[in-house]
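Structure first, then comments.
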Amino acid sequence: MTAPKVEPVQILVVACFGGFTASCGNKVLATWPTPLEAWREATAGLSLVAATILDAVFRPDAPAVVWARACNRLGKRTLDPAPLRSVTDEDVEEARYAAAERDADDPRPKVLLESGQLPRAVYDTLSALAEHAEVYRRIGVAELFEPVASRRPWQNVDSPPVLHVMSVPSTVLTVRAGLACRFVRATKKGDEADTDLAPKLAAVIAAEGARSDHLHVLTGVLEAPSLRPDGSIIRAKGYDAATGYYLAHEFELKGLKDNPTHNDAMAAYQKLRGLFSGDRDGKKGFAWKTGDKDAIVPVAHLLSALARPAIQPPKGCIPIFAYSASGKGAGKGTAVDIVFVIATGKPAAAMSWSSDEEENDKRIGGVAYDAPTMISIDNVPEDVPFGHSRLDAALTLDECAFRILGKTGNPVLPWPTILCVTGNNLSTIGDICRRMLICYQCPDSEDPSAIPQNMRVIPNIVEHALEHREEYLVAALTILRHFCVSGRKDMGCEMGTFTKWAKLVGNAIALAGGGNIMDYLATQDTTSEAPTKAAIRELARCLAKMTENGGVTAAYILDELYDATYMEKRRKNSDMAPDIHKDPFRQAIETLCPFKGPPTNDPHFRLRFAKTLSRIRGQWHGGLQIDQENNPLTGKAYDVPRWTARKKAT
């Protein structure tokens, strides 16, 4: 008796290590073991083969099986067909019915992979991805992206996961495309059979998707309900076509009125201001320099995060928010964490700031590429002025060219991220102060961080903000909504490049009784001057006196100030008579370029001092500018730089 003749797609034989399995559709008909030697002989050493007895059309009905096109190889081998004798006409009909039912229930659009039809297959796949998968393109980046949610170990199961934007390589795109559409190919019989997307074709789809208009543009991600340009609120999870932003979670926002009154807005501002309040009822709060009104800066920081989608190009720019303090433990990081947990559901994501401009350039480019909702530049060192030409451009342009580590060229990218910076006695360089709103904290205790939680106005304030997050979100959105529904009254807030931001956030705060945020625009305020500024001014004064008869090298300066006798006494902590001329010079140098270990005038210290002079070259302090002297014979700088401090021309 011979096996019944059926369609090739109906009877499948799966060969794997240790045996064969015959199946009809999803029904296993028979299994039988195969000795190791027979296995090797039958499969020519292949580790896993799946095939039909005849010319099969492969269907990936079993996810655990890797299907291989080896039907002819197995069909020509001595394989006993006896186990297939149990296949009946009823089995065949059942398999056909199951296949037809599966195809009818499959909601995925069908994409035909046929020779000569590559463009159609690519665009059909992109259309399916746009409709059925969360795969997006971004301006200026030749890659596809998707929002990926992950929950941190410290988060409980009720906490919303953290959202990131991650690139989608072609290998992952094969999976995303397979979920979004059904790939088929034509068989020799003239019908269609399921197939998988080849990695090479996936790479073509990814490259085309990053350049075409088939996929939505992802501007950024949101982790809290946010304002649209028309004043409505983005509440629904997913992609918002009106703004290009993706909201991570669904929010109920109980208590948020469609038309909040002026009293509602004022009460909402006082609620947020109370979160950042100073000392009250004998308990410690934030030690703002000029009182509770300084809380306007963190409130503006929070409102800016929730209004980001509403501030669209052209010139949809947002300033940087700075938190400075007179010493450690004042509460700069705590204020930033409060803003972050309300706006993003997690404490601040931070990056460091270096004295190396090239390194900072890479970090800025990395932020532009990743496009996080918010990021904090944490604890800028006192001896490193904050500022960078690339950052100046990013904050004031809708799109900017960035240097991305590991990428060729300088891609032009938007800057959707809300940026803040913290530091003790924060000092700035360049034009960053014109792009910065700053608040100061001046605690009256030596170690404010040691104050017990039960002695604070709000104990464990960051955890409190996270627990009552939705209440504070409603308060912030009430301020913004009231401004929008009340006619967007002009309260006189203007800020140059940031006028759109000032007209929305600044005016909304002013209308709610918060005052004028423009009063906190960073300036060269000598009352809050960082020690580095005083040190540079003193260095310039002493250098001007030393170089009255011509410039000197960095090595000469150190040799004059740190001779062998002085260094020996310094190392032994011997008593030394004060030197009113050299001591201020030494103190200024050691503030800007502190010793690493015991005082020593070695080559490493000399090199660091020379780099310090190069870094502050061209700055004006106390009417003096530190600069290099040119050779009068050549008109160019000396090979070994000679330093001087010149007076400002009158």
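Using the Cα atoms as the points, what is the convex hull volume per residue of region 528-604 in Å³? Each step should come with its number before you reach the end.
On the way: hull volume 8.9 nm³, N = 77.
Taking only Cα atoms, region 528-604 has a hull volume of 115 Å³ per residue.
Would you please put 415-425, 445-455 in order of how densely packed they are, using the mean number of other Cβ atoms within 10 angstrom per residue and starting with the highest? All intermediate terms of the calculation are to be shown ahead of the outcome.
Values: 415-425: 23.2, 445-455: 11.1.
Per-residue Cβ counts within 10 Å, averaged per peptide and sorted highest first, yield 415-425, 445-455.
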Practice item. Just read off the accessible area of Trp353 with the full protein assembly in place, 1.4 Å probe, to the nearest 10 Å². Key: 20 Å²
Point to revise | Average Cα contact separation per residue, region 397-502, under 8 Å, 6 or more apart, as relative contact order % | key: 9 percent
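Report the Stokes-Einstein translational diffusion coefficient (µm² s⁻¹, integer) for region 365-486, Rh taken as the Kirkwood radius over Cα pairs, at 10 °C with viscosity 1.306 mPa s. The partial results should precede the final answer.
On the way: Rh = 18.0 Å.
Stokes-Einstein gives a translational diffusion coefficient of 88 µm²/s.
Of all the accessible heavy-atom surface of region 308-381, with the other protein chains kept in place and a 1.4 Å probe, what percent is carbon and sulfur? Don't skip to the answer; put the middle values down first.
Details: 1090 of 2330 Å².
Within region 308-381, the accessible surface is 47 percent carbon and sulfur.
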Practice item. Please list the radius of gyration and Dmax for region 137-248, considering alpha-carbon atoms only, with Å as the unit. Key: 17.8, 59
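Give me the accessible area per residue for region 341-480, probe 1.4 Å, as a whole number in Å². Mind dumping the intermediate values first?
Numbers: 5550 Å² over 140 residues.
The answer is 40 Å² per residue.
Net charge near Thr497, counting Lys/Arg +1 and Asp/Glu -1 over other residues with Cβ under 13 Å of its Cβ?
Details: positive: Lys315, Arg434, Arg435, Lys500, Lys503; negative: Asp392, Asp398, Asp431, Glu494.
My count for the surroundings of Thr497 gives +1.
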Check your understanding: Among the listed pairs Lys237/Lys293; Lys237/Lys500; Lys545/Lys636; Lys611/Lys636; Lys362/Lys533; Lys332/Lys533, which are separated by more than 31 Å between their Cα atoms?
Key -> Lys237/Lys293
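Sorted by average packing, counted as other Cβ atoms within 10 angstrom per residue and highest first, what order do 401-411, 235-245 take?
Values: 401-411: 13.9, 235-245: 15.5.
Averaged packing, sorted descending, gives the order 235-245, 401-411.
The values are calculated or read from the model by the stated rules, or taken from the named source; none is laboratory data. Only a predicted model underlies this, so the values are computations on that prediction, with no experimental measurement involved. Note that each Cβ is placed from the backbone with ideal geometry, even for glycine, and that neighbours are counted across all protein chains shown. Calculation scope for accessible area: heavy atoms of the full protein, side chains included, ligands and nucleic acids excluded. Shrake-Rupley method; radii C 1.70, N 1.55, O 1.52, S 1.80 Å.
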